[in-house]
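Asks: Got a structure for you, written out below as structure tokens; questions coming shortly.
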Amino acid sequence: MDDPLAELVMLLARLPGIGERTATRLAHHVLGADPQYAAALGASIAQIHERVRHCERCGNWALDPLCRVCADPRRDPAVLCVVARVPDLAAIEKSGTFRGRYHVLHALLAPLDGIGPDAIDVDRLITRVREEGVREVVVATPLSVEGEATALYLAQSLKPFGARVSRIASGLPHGGELEFADQITLGRALDGRREL
């Protein structure tokens, strides 16, 4: 492409959640910033695949063979939280409430898109449950058709290995108004009620 600014806008617009207007604003910001900033940004992006890899144990992003969560001896190895993607793991970590370890699937079952059980590598998860003495597997896949199908498949696959399989609760967000909740969310909130 002959126009480097248009090329940068096009590449930025391919990022998730970035439309053409935001990509244009970002490109102009980079162009107007100190050239050293642009060089550092470009170098960081160019080297990211060389410097970051999947954790050998859980599939999280890591600089070393094990990610910081798997390498932390204070984590409870008997509780394993299964997530679809690394950003889901990061969201749970931000809550500061989960002190176990993780297993990242990197995919969800989606038969219509040709994504079957082989894509989520359940055998690696089963091996971890058996070899690491896992007592509970918390399935934290999205509350979507694909996430629910994956959760059910995991529960069936893990049942013979003796670990308790639980599902994250779903319901109303903090501060949410009942009148604006959809029927499925409201129904799950009622089904998941607990004693005060």
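Asks: When you count, for each residue, the other Cβ atoms within 10 Å and take the mean per peptide, how do 93-101, 39-47 rank with the highest first? Intermediate values should be presented prior to the final figure.
Replies: On the way: 93-101: 12.4, 39-47: 10.3.
Ranked by mean Cβ neighbours within 10 Å, highest first: 93-101, 39-47.
Asks: Which sequence of 75, 53 reflects their accessible areas, 1.4 Å probe, from the largest down?
Replies: Numbers: 75 15, 53 115 Å².
Listed by decreasing accessible area, they come as 53, 75.
Asks: Keeping every protein chain present and rolling a 1.4 Å probe, give me the accessible area per residue for the chain in Å².
Replies: Value returned for the chain: 68 Å² of accessible area per residue.
Asks: Over segment 68-132, what percent of the accessible surface lies on carbon and sulfur atoms, probe 1.4 Å? Display every interim value, and only then the final one.
Replies: Details: 1860 of 3440 Å².
Its accessible area is 54 percent carbon and sulfur atoms.
Asks: Follow-up question, since we're still on this one. Using only alpha carbon pairs under 8 Å that are at least six residues apart, calculate the relative contact order of the chain and give it in whole percent. Show your work: numbers first, answer last.
Replies: On the way: 226 pairs, mean separation 25.0, N = 196.
Relative contact order here is 13 percent.
Asks: A further question follows. Let me check against my output: what whole-number percent is the relative contact order of segment 68-131, with C-alpha pairs under 8 Å and at least 6 apart?
Replies: Numbers: 63 pairs, mean separation 18.7, N = 64.
Dividing the mean separation by the residue count of segment 68-131 yields 29 percent.
Asks: Now for a separate question. Express in nm, to one decimal, how much length is gained between residue 61 and residue 49 on full extension, taking 0.36 nm for each residue of separation and deducting their alpha carbon distance. Don't skip to the answer; put the middle values down first.
Replies: Numbers: separation 12, 0.36 × 12 = 4.32 nm, distance 1.06 nm.
Working it through step by step, the gained length comes to 3.3 nm.
Asks: Rank 161, 180 by accessible area, highest first, at a 1.4 Å probe radius?
Replies: Working: 161 80, 180 155 Å².
Sorted descending by solvent-accessible area, the residues read 180, 161.
Asks: I've got another one for you. Can you tell me the order of 181-190, 77-86, 168-177, 143-152 when each peptide is scored by its average per-residue count of other Cβ atoms within 10 angstrom, highest first?
Replies: 77-86, 143-152, 181-190, 168-177
Asks: Report for the chain the percent antiparallel among DSSP-assigned beta bridges with both residues inside it, nearest 5. Write down the numbers at each step before the final one.
Replies: Working: 3 of 16 bridges.
Looking only at bridges with both residues in the chain, the antiparallel portion is about 20 percent.
Asks: Could you work out the percent of alpha carbon pairs in the chain separated by over 24 Å, rounded to a whole number? Don't jump to the answer; show the numbers that get you there.
Replies: On the way: 10681 of 19110 pairs.
Across the chain, Cα pairs with separations above 24 Å total 56 percent.
The values are calculated or read from the model by the stated rules, or taken from the named source; none is laboratory data. Just so it is clear, the structure is predicted and the values come from calculations on it, not from any experiment. All Cβ positions, even for glycine, are placed from backbone atoms using ideal geometry, and neighbour counts span all protein chains on display. Surface accessibility is based on the protein's heavy atoms, side chains included, excluding ligands, DNA and RNA. Shrake-Rupley method; radii C 1.70, N 1.55, O 1.52, S 1.80 Å.
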